[in-house]
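Below is one structure, written out as structure tokens; comments come after it.
Values quoted throughout were computed directly from the atomic coordinates according to the rules given, and no laboratory measurement underlies them. Note that the structure is a prediction, hence the values are computed from the model and not measured. Backbone-built Cβ (ideal geometry, glycine too); neighbour counts: all protein chains shown.
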Amino acid sequence: MDRAPDDPRVPWRRVCWRGRARHEDTDEVVREEPLEIRIGGMPVAVVMRTPGHDEELTLGFLTTEGVIDGPGAVRSVRHCSVVDDPDAEGNVVQAVLQPEVVVDWARLRRNLYASSSCGICGKATIEQVMVRYEPLVDDTRVGVEALYGLVEQLETEQTVFARTGGLHAAGLFDAAGEMLVVREDVGRHNAVDKVVGWALGEGRVPLRGHVLMVSGRVSYEITLKAVAAGIPVLAAVSAPSSLAVSLAEESGLTLVAFLRGERMAVYAGAERVVADGAAT
């Protein structure tokens, strides 16, 4: 099926488990791509987003970061028609401000992730990651019953969430499903960092033979953190993004999503998820 460049859906083959029954099907994952924002030709930030309404995203970003204080500060916002990498087409937006607008470049560079590239795309982003990290080599096998038990264990340890309903959680488990640590935070990325920080203090990093369970969806950033920590299996109660799945596949990470009750879907590295007799 033909899809528009800003179609928020990406078809993906996956392996599904329901109880101990295994089957394959095709799902639609939400598209995630990096958008490079430029001001007058100068790259100032890369934000992860679902393509669509990029001009509005850029204007909102510049407003919330204090670069502009109203629509009169902007002469134009449009996608760059010429980029160095054809794959980056549609992923670079240029904002031209009025001459009298003064940009505090030093503050922007302190607060934002600045990109020196002349065009960025999902493929390029993953290639940059794989320069920093070797693909995971880990023959760990995790049984489906062990995975099914992670959600309840994570929820049991979400004590602040139980009282407030306002926190994300991340938990680290061994391949048998035994809980090692759970951390909560208002930011899902922070919760993962807390878990990895605990593991570092315990001398466990790289985390071969472990499973990371998160309470929300799986984005590119969460997947990158798992890869950086050497975790072979990442599981979540909610959906993955397209860039998260692509990074998991390229890095040799097993990505499990929609883990609820005795159901789950494996989008990458399905060989690590096995019937319980084959778990290691």
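A few comments on the model shown:
- Cα→Cβ-extended label distance, 7 Å offset, between Glu65 and Val103, nm: 0.8 nm
- A simple spin-label model places pseudo-atoms 7 Å from Cα toward Cβ; at Glu155 and Met130 they are separated by 3.8 nm.
- Computed [θ] at 222 nm, deg cm²/dmol, the chain (DSSP H ≥ 4; -39,500 (n - 2.57); rounded to nearest 500): -8000 deg cm²/dmol
- When DSSP beta bridges are restricted to pairs lying wholly in the chain, around 75% turn out antiparallel.
- Between Arg49 and Arg20, the FRET efficiency estimated from the beta carbon spacing at R0 = 35 angstrom works out to 0.35.
- Rounded Å value of the spacing that divides the Cα centres of the stretch 48-64 and the stretch 196-235: 29 Å
- The chain: Rg to Rh, with Rh as the Kirkwood radius over Cα pairs: 1.02
- Ordering Lys194, Lys225 from the fewest to the most neighbouring beta carbons within 10 Å gives Lys194, Lys225.
- Label reach from Val96 (point 7 Å along Cα→C-beta): in the stretch 58-84, amide nitrogens under 13 Å belong to 74-81.
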